[in-house]
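Asker: The structure that follows is given in the form of structure tokens.
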Amino acid sequence: MLLYPKLRAILYSMPKLTKTTIATLRARKRENQKFAVLTCYDYANAKIMQQVNLEAILVGDTYAEVCLGHDTTLPATVDHLVTITAAVRRGAPGVFLIGDMPYLSYQVTAEDAIRNAGRFMVEAGCDCVKVEVDRRHADTVSAMTRASIPVMTHLGLCPQSIRQMGGYKLQGTTAETAQAIIEDARIMEDAGACALLLEGVPNEVARHITESTDLPVIGIVSGPHTDGQVLVMHDILGYGGGHPPKHIKQYANLHDILTGAFGGFVNDVHSGEFPARNNYSNLAEKEWSSLQKKLDTGS
């Protein structure tokens, strides 16, 4: 009982965690304050991202490429993504957490979409889920919204449709296709989407959509006028696989740093420099002497 007042004092002295919510992102949009989003796939990096006051994390199906080595995002599964999304939530409890719904987890039926999205919300603690859609999926987005699932709709370049699109190409490059993306954004808003993500669309299209909606709009390689910007963690770090867009800004070169670290370890082992004396422990002399006697006598 004597410890309780001290414990309470420590808890009250800790800084309060400010949780970023969809209301936070909407407020930033109204106040013309940009927000940042990164992909993340593990607890350790999530902790660092929260320390730098990142507003939102997307646990993307890019995991299949940058972590598992696949050529596309298609092999990502719900089980994979729910597991790593839960880890990211543990590392960054205060961020706005977006769970990326993988290929065929929502396109078949609305019931599948609701069931799978529910796993992201309940098991992984997401603030919303993201789906790659166009107007054909409006009924599914509406059904998910009615089931109290916050849905971010991904328009433009949709990697899950890469086989259909014929590659990673800028979308909306003609007046007709640009108008279709603009109309799809409006349709998704009407269907109940809580936010929009625009990937690989021309700057003018992204700006028009951003200025035409009250929803927070996140861009990736879509110009400077969206409310938020998202990039793949591995792309900005120069680390891992995937297919970094040509306009990505790289903030570090972890490939060279890690190559030096791994190579240094290999060389030290080969040369006998590792482990050095401060890298291991010895028994106390008395204990070693006693052990030797036991080994000699077999007792």
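Computed from the coordinates by the stated procedures, all read-outs in this text should not be read as laboratory data. As the structure is a computational prediction, the values presented were derived from the model and not from experiment. Neighbour counts run over all protein chains shown; Cβ positions are idealised from the backbone, glycine included.
Asker: Once you order the gyration tensor axes a ≥ b ≥ c over the Cα atoms, which shape class does the stretch 12-167 get: rounded for a/c under 1.5, otherwise prolate or oblate by comparing a/b with b/c?
Answerer: Working: a/c = 1.67, a/b = 1.40, b/c = 1.20.
Prolate.
Asker: Would you mind ranking HIS154, HIS208, HIS247 so that the residue whose beta carbon has the fewest other beta carbons within 10 Å leads the list? Kindly include the intermediate steps, with their values, before the conclusion.
Answerer: On the way: HIS154 25, HIS208 18, HIS247 10.
So the residues, fewest neighbours to most, are HIS247, HIS208, HIS154.
Asker: Which ordering of SER281, SER290 is given by a fewest-first count of other beta-carbon atoms within 10 Å? List each step's numbers first, then the result.
Answerer: Values: SER281 6, SER290 12.
Ranked by crowding around the Cβ, least crowded first: SER281, SER290.
Asker: In the stretch 3-252, with Lys and Arg counted as +1 and Asp and Glu as -1 at Cβ, which of these residues, ILE182, PHE120, THR109, has the Cα nearest the positive end of the dipole, that is, farthest along it?
Answerer: After comparing all options, I get PHE120.
Asker: Then there is this: Relative contact order, percent, of the stretch 3-252 when contacts are C-alpha pairs under 8 Å separated by at least 6 residues? List each step's numbers first, then the result.
Answerer: Working: 480 pairs, mean separation 44.8, N = 250.
Dividing the mean separation by the residue count of the stretch 3-252 yields 18 percent.
Asker: Among ALA46, ALA276, ALA86, determine the one that fluctuates most according to a GNM of the chain built with springs between C-alpha atoms less than 10 Å apart.
Answerer: Answer for the Gaussian network model of the chain: ALA276.
Asker: Then there is this: Points 7 angstrom from Cα along the Cβ direction at VAL269 and ALA252: gap in nanometres?
Answerer: 2.4 nm
Asker: Give the label of the value calculated from the structure for percent of Cα pairs over 23 Å apart, choosing from [x] 67; [y] 62; [z] 57.
Answerer: From the options [x] 67; [y] 62; [z] 57, the structure gives [y].
Asker: Report, in deg cm²/dmol and to the nearest 500, the calculated mean residue ellipticity at 222 nm for the chain, where each DSSP H run with n ≥ 4 adds -39500 (n - 2.57) and the sum is divided by the residue count. Mind dumping the intermediate values first?
Answerer: Values: 13 runs with 135 residues, N = 299.
The helix-only estimate for the chain comes to -13500 deg cm²/dmol at 222 nm.
Asker: What's the local net charge at ASP184, with K and R +1, D and E -1, over the other residues with C-beta under 9 Å away?
Answerer: Details: positive: ARG135, ARG186; negative: ASP134, GLU183.
Charge balance in the 9 Å sphere: 0.
Asker: Let me ask something else about it. Long-range amide H contacts for GLU132: which residues qualify at under 5 Å (H placed 1.01 Å from N, peptide plane, sequence gap of 5 or more or a different chain)?
Answerer: Under 5 Å from the amide H of GLU132: HIS154.
Asker: Here's another thing I want to ask about it. Only loop residues by DSSP count here, and only those with at most 16 other Cβ atoms within 10 Å; note down the trypsin sites (Lys or Arg not before Pro) in the stretch 139-238 that meet that.
Answerer: Numbers: sites: ARG146, ARG163, LYS169, ARG186, ARG207; in loops: LYS169.
Passing both the DSSP loop test and the Cβ count: LYS169.
Asker: Karplus couplings for the stretch 211-222 from phi (6.51 cos²θ - 1.76 cosθ + 1.60, θ = phi - 60°), rounded to Hz, Gly and Pro as x?
Answerer: 7, 9, 9, 8, 6, x, 10, 10, x, 9, 6, 9
Asker: Then there is this: Can you list the HN-Hα couplings for the stretch 68-85, worked out from phi with the Karplus curve (6.51, -1.76, 1.60; θ = phi - 60°), rounded to whole Hz and with x for Gly and Pro?
Answerer: 9, x, 7, 7, 9, 7, 4, x, 4, 10, 4, 4, 4, 6, 5, 5, 6, 5
Asker: To continue, here is another question. Exposure proxy check: TYR251, TYR41, TYR280, TYR103 ranked by fewest other beta carbons within 10 Å?
Answerer: TYR280, TYR251, TYR103, TYR41
Asker: Among GLU199, GLU273, GLU123, which one shows the biggest mean-square fluctuation in a GNM of the chain, springs joining Cα atoms closer than 10 Å?
Answerer: Most flexible of the set in this elastic network: GLU273.
Asker: May I ask you to list the residues of the stretch 94-125 whose amide nitrogen lies under 13 Å from a point 7 Å from Cα along the Cα→beta-carbon direction of ARG146?
Answerer: 110-111, 114
Asker: To continue, here is another question. Which of the aspartates and glutamates could a cross-linker span from LYS47 if the Cα-Cα distance has to be under 15 Å and same-chain partners fewer than 8 positions apart are dropped?
Answerer: The reachable aspartates and glutamates, counting only those whose Cα sits under 15 Å from LYS47, are GLU55.
Asker: Same structure again: Which one of THR72, THR153, THR109 has the biggest mean-square fluctuation once the chain is modelled by GNM with Cα springs under 10 Å?
Answerer: Maximum among the listed residues: THR109.
Asker: Now for a different question. Quick one: grab the alpha carbon gyration tensor of the stretch 103-224, order the square roots of its eigenvalues as a ≥ b ≥ c, and give me rounded if a/c is under 1.5, else prolate or oblate depending on whether a/b is larger than b/c. Don't skip to the end; give the middle numbers.
Answerer: On the way: a/c = 1.88, a/b = 1.53, b/c = 1.23.
Verdict is prolate for the stretch 103-224.
Asker: What is the gain in length, in nm to one decimal, between ASN278 and ARG135 on full extension, counting 0.36 nm per residue of separation less the C-alpha to C-alpha distance?
Answerer: Working: separation 143, 0.36 × 143 = 51.48 nm, distance 6.33 nm.
So the chain would gain 45.1 nm between ASN278 and ARG135.
Asker: List the aspartates and glutamates whose Cα sits under 16 Å from the Cα of LYS294, skipping any in the same chain fewer than 8 residues away.
Answerer: Straight-distance partners of LYS294: GLU285.
Asker: Let me ask something else. If we count every other residue with Cβ under 10 angstrom of CYS158's Cβ, Lys/Arg +1 and Asp/Glu -1, where does the sum land? Write down the numbers at each step before the final one.
Answerer: Working: positive: none; negative: GLU132, ASP134, GLU199.
Residues near CYS158 contribute -3 overall.
Asker: With the cut-off at 1.5 for a/c, could you classify the stretch 178-247 from its C-alpha gyration tensor as rounded, prolate or oblate? List each step's numbers first, then the result.
Answerer: On the way: a/c = 2.37, a/b = 2.01, b/c = 1.18.
Note, shape of the stretch 178-247 comes out prolate.
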